[in-house]
Amino acid sequence: MTRPTDLPQWKALEAHFDAVKDLHMRDQFAAEPDRFEKYSLQLNDILFDFSKNRITDETMQLLLDLARVCDVEQWRDRMFAGETINHTEGRSVLHTALRNLSDRPMSAAGTDVMPEVRSELRRVKDLAEAVRTRQWRGASNQPITDVVSIGIGGSHLGPLMATEALRPYAIHDLKIHYVSNIDENHINNTLEVLNPETTLFIIASKSFTTQDTMVNAETAKAWLLRKIDNEADLTRHMVAVTANVAAATAFGIAPENIFKMWDWVGGRYSMWSAIGLPIVISIGSENFDALLAGAYAADEHFRSAPLAQNIPVIMAMLGIWYNNFFGAESIAVLPYDQNMHRFPAYLQQADMESNGKCVDRAGGAVNYETGPILFGEIGIASQHAFYQLLHQGTKLVPADMLAPVSNFRCIARHHRALMSNIFAQAEALMRGKDEVEARAELQKSGMSAEAIDKLLPYKVFPGNRPTNIFLFYTLNPQTLGSLIALYEHKIFVQGIIWNLNSFDQWGVELGKQLANHILDELNRGTPVDNHDASTNGLINYYLRMRPRRIG
Ligand code: F6P
């Protein structure tokens, strides 16, 4: 199999990079008044402006040539057709079936998954509505006031991100809490204000073996049993979402309280499945349907839009341009919407667990850069924290900025100021401030020529720093669904270009294996000498220092 870097299309991009790398976007904008119209696309209420990128028409042409020759369209069709494209785990990749609102069957290993998907969604909605309408009662016949979702990674970040993002749609008299960390502080802090008689736990784990989740689930069960005498009554307080029904049953979850997921849904792509139960409880079935509809709209766009108008394809290829030609090592995701504060963390898993890989589909070591380091935070907060590096640091950090044109409870004074910041930051990153401008500014302030000469270098901004801007009308369920699905497909396309399997995650195994082994040693409590000197030293120090009462 040809490596992407050996393709003539890759070589053409390398040559093109040499030709355009010194172009400044400021000059490009001056020369191309239609750059915004040319380089922006719309999907329903989402405007995607990619004009502030270091691209020319030829760049886009060459990037799309690369996408074409890497068979992006064929791989996309194979994914939707349920082929076993997750070859290292022998699985289809069908999270798109979870939001397939058409009558089209979708098959994994020759079986149409849609009937099961629909019936499981029905069960999820039934439970959610029973909780929301106070028909679901705890053991002492009280309605549920608090739902605690216990899970981690893909069984946690999606529901957490979405319930936060969709706060304006949340039911008021029910609180949704999340516990992910095995650190007892997390569950202790959560449970200390809750009443077992009015609390419902969702144990969310595809494998139902993840240590963090299982330890927290045991603690939750013990906490319930302090108040609920009869173990059979736990059925009123614990449900599970898993692909491992046997393990959930063995844990003591009643069969009617187990919601199924399937091996063809990757954890980090699973918020559309029963893993989304906390979202449905929070925002209700209709709004969850709107979330699915938004994702479905993005799926249809990805399936049918020509590459040159295909938003996830363009997002992906711009990422390839910076990652593999400019040598950018990271990307920043910067929502200008407080409710999207967990969006970067969600994308961090989606992107880095998918494409953080160094072995290609043929089992060979890659000789090129793959997935970038994705980081991010709320844009406004980041301006006062790490934007300094984005503006004047030595690293090129392409950034995605996202903002709503309006808010659910919009206060014009706040919102206009917010929007002025996103526009200003993207403009500043693009234009920068050259010496002439910086000098003129300092002169205007009345500074002496000598002082100006000293300060001038610090006042110059190189600019030419790329941003993508997503503007959407308001952050409603449909828009959120579309945004997430666009990113999912972007990640998919990049995985195809890098010739990776984006759907396995073997890299998380080693640490888990070692932790299990070391846990046995900590339980034994006797000094160890079978690790390296540092690990032995740390374990033995811990064993000596830990308070006796922990045991
Ligand atoms: O450790 C990584 C991981 O396997 C993720 O891929 C997954 O989303 C998370 O753990 C949780 O796994 P599970 O849902 O099986 O508990």
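The values are calculated or read from the model by the stated rules, or taken from the named source; none is laboratory data. Keep in mind the model is a prediction, meaning the values are calculated, not measured. FYI the Cβ positions are ideal-geometry reconstructions off the backbone, even for glycines, and counts take in every protein chain you see. Just the protein is used for accessible areas: all its heavy atoms, side chains included, with ligands, DNA and RNA removed. Shrake-Rupley method; radii C 1.70, N 1.55, O 1.52, S 1.80 Å.
Kindly provide the set of residues from the range 153-185 that are more than 13 Å from the ligand (Cβ to nearest atom), in a helix (DSSP H, G or I) and of a type outside the set (D, E, K, R), ordered by number. Result: 161, 162, 163, 165, 168, 169, 185.
Taking the numbered list (1) open to solvent by 20 Å² or more (accessible area, probe 1.4 Å); (2) touching a residue at least 40 places away in the same chain (Cβ under 8 Å) in turn, residue 158 passes all entries but (1).
Restricted to the range 203-229, and to residues there that are within 16 Å of the ligand (Cβ to nearest atom) and of a type in the set (Asp, Glu), the residue that is most open to solvent (accessible area, probe 1.4 Å) is 218. Looking only at residues that are open to solvent by 50 Å² or more (accessible area, probe 1.4 Å) and more than 14 Å from the ligand (Cβ to nearest atom) in the range 230-245, which one is farthest from the chain's Cα centre (by Cα)? My answer is 230.
Quick one: how many residues across the range 346-386 are among the β-branched types (Val, Ile, Thr) and either assigned to a loop (DSSP other than H, G, I, E, B) or within 16 Å of the ligand (Cβ to nearest atom) (or both)?
3
Here the range 324-345 is the region considered, the condition is being assigned to a helix (DSSP H, G or I) and open to solvent by 10 Å² or more (accessible area, probe 1.4 Å), and the residue that is nearest to the ligand (Cβ to nearest atom) is 345. Among the residues making up the range 490-514, those that are open to solvent by less than 40 Å² (accessible area, probe 1.4 Å) and either within 14 Å of the ligand (Cβ to nearest atom) or outside any loop (DSSP other than H, G, I, E, B) (or both) are 490, 491, 492, 493, 494, 495, 496, 497, 501, 502, 503, 504.
Would the range 456-477 turn up any residue that is of a type outside the set (A, V, I, L, M, F, W, C), part of a helix (DSSP H, G or I), at pLDDT 95 or above and closer than 30 Å to residue 281 by Cβ? Yes; the residues of the range 456-477 include at least one that is of a type outside the set (A, V, I, L, M, F, W, C), part of a helix (DSSP H, G or I), at pLDDT 95 or above and closer than 30 Å to residue 281 by Cβ. Looking across the range 248-272 at every residue that is open to solvent by 10 Å² or more (accessible area, probe 1.4 Å), in contact with a strand residue (DSSP E or B) (Cβ under 9 Å, 6 or more places away or on another chain) and small (Gly, Ala, Ser), the one that is nearest to residue 485 (Cα to Cα) is identified as 266.
One residue stands out among those in the range 439-496 that are of a type in the set (Ser, Thr, Tyr) and in contact with a strand residue (DSSP E or B) (Cβ under 9 Å, 6 or more places away or on another chain): the one that is nearest to residue 101 (Cα to Cα), which is 482.
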